[in-house]
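To start, the structure itself, in structure tokens.
The values are calculated or read from the model by the stated rules, or taken from the named source; none is laboratory data. Bear in mind the structure is a predicted one, so any value in this text is a computation, not a measurement. Methodologically, a virtual Cβ is constructed for each residue, glycine included, from the backbone with ideal geometry; neighbour enumeration extends over all protein chains shown. Each accessible area value is taken on the protein alone, full model and side chains, heavy atoms only, with ligands, DNA and RNA left out. Shrake-Rupley method; radii C 1.70, N 1.55, O 1.52, S 1.80 Å.
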Amino acid sequence: MKILMVLTSHDQLGDTGKKTGFWLEEFAAPYYVFLDAGAQVTVASPNGGQPPLDPKSDEPSGQTEATLRFKADDAAQAVLAQTAKLSEVKAEDFDAVFYPGGHGPLWDLAEDKTSIALIEAFYTAGKPVGAVCHAPGVLRHVKIGGEYLVKGKRVTGFTNSEEAAVGLTDVVPFLVEDELKGKGGLYEKGADWGAYVITDGHLVTGQNPASSEGGAKALLGLLKA
């Protein structure tokens, strides 16, 4: 199994002067789910190289078994330090793609034509596409056969109430929940901050950081089916 993970290269939290990027748990937990299942994992980002880590995700409250494992794993840190350039990876070289969240993807990956085309190529080929927390926002412009990919599909992603709880409703370029609904998605959610994962066909979406491990396992399930 060859799995591509796509991380953001965006590090500015709107015009707040604060930093953002990818969320550590949402990378670390799926990374180890895939690795422990024997998958070959390639990590890519729009700019290549070291992607920006959201500093909030590195605070003590954000630590999990997976993040602690990552911090002690020199090999994984080396992989993260030298991500491939997104423009240089091809869907045909992989069996599935997974997008971890963090606020960063709302600014770059959601609008990135290379990322959009990549998702369309994976999906059209019948390969699993996964996204967790804010990353379902990267689906906003993805179309299959002239229709939005999420139209008529059961999907989830970071809720409006979770965004309000972190105080960023007026900072983000769009709200994931509203965007998925607006593009025709059959949006569902669980309790705020609880694990909630939906699989519809070969599209897997997870609601929040707590859903990252479950989302990765769901993606693996599709690959092994």
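Sorting 66-75, 18-27 by average packing, meaning the other beta carbons within 10 Å per residue, from highest down gives 18-27, 66-75.
Applied to the range 213-225, the Karplus parametrisation 6.51 cos²θ - 1.76 cosθ + 1.60 on θ = phi - 60° returns per-residue 3J(HN,Hα) values of 5, x, x, 5, 5, 5, 4, 4, x, 5, 5, 8, 5 Hz, with x for Gly and Pro.
Charged side chains reduced to their Cβ positions (Lys and Arg at +1, Asp and Glu at -1) give the chain a dipole of some 580 debye around its Cα centre. Helix-only arithmetic for the chain: the sum of -39500 (n - 2.57) across DSSP H runs with n ≥ 4, divided by the residue total, places the mean residue ellipticity at 222 nm at -8500 deg cm²/dmol.
Residues whose amide H lies under 5 Å from that of K153, counting only those 5 or more places away or on a different chain, are L186; hydrogens are built 1.01 Å from N in the peptide plane.
A cut-off under 12 angstrom between Cβ atoms defines the neighbours of V171, and their net charge, with Lys, Arg +1 and Asp, Glu -1, is -2. Scalar couplings 3J(HN,Hα) for the range 110-122, obtained by applying the Karplus form with A = 6.51, B = -1.76, C = 1.60 to θ = phi - 60°, are 4, 10, 6, 5, 5, 5, 4, 5, 5, 4, 4, 5, 4 Hz; x denotes Gly and Pro. Evaluating 6.51 cos²θ - 1.76 cosθ + 1.60 at θ = phi - 60° for every residue in the range 23-40, the Karplus couplings come out as 8, 4, 4, 6, 8, 4, 4, x, 4, 6, 4, 5, 4, 5, 8, x, 6, 9 Hz, glycine and proline recorded as x. Considering only A165, L222, G101, and ranking their Cα positions along the charge dipole of the chain that arises from unit charges at the beta-carbon of Lys, Arg, Asp and Glu, the one farthest toward the positive end is L222. Amide H contacts for Q12 (H built 1.01 Å from N in the peptide plane; partners 5 or more residues away or on another chain; cut-off under 5 Å): T20. Kirkwood analysis of the Cα pair distances in the chain returns a hydrodynamic radius of 16.9 Å. Were the residues from A75 through Q63 laid out at 0.36 nm apart, the gain over their Cα-Cα distance would be 2.4 nm. Each peptide among 187-200, 124-137 gets the average number of other Cβ atoms lying within 10 Å of its residues, and from highest to lowest they stand as 124-137, 187-200. Each residue was assigned an accessible area with a 1.4 Å probe, and for L186 the value is about 90 Å². Rolling a 1.4 Å probe across the protein heavy atoms gives the chain an accessible surface of 41 Å² per residue. Amide H to amide H distances under 5 Å link G130 with V97, F98, Y99, V204, where only residues 5 or more positions off or on other chains count and H is placed in the peptide plane.
Expressed as a whole percent, the accessible surface of the chain that belongs to carbon and sulfur atoms is 51, based on a 1.4 Å probe.
DSSP beta bridges confined to the chain are antiparallel in about 30 percent of cases. The packing ranking, built from the mean of other Cβ atoms within 10 Å per residue, places the peptides 156-163, 8-15 in the order 156-163, 8-15, highest first. For K181, the lysines whose Cα comes closer than 22 Å to its Cα, not counting residues fewer than 8 places off in the same chain, are K113, K143, K151, K153, K189. Other residues within the sphere of radius under 15 Å centred on the Cβ of P30, judged by their own Cβ, net out at -4 (K and R +1, D and E -1).
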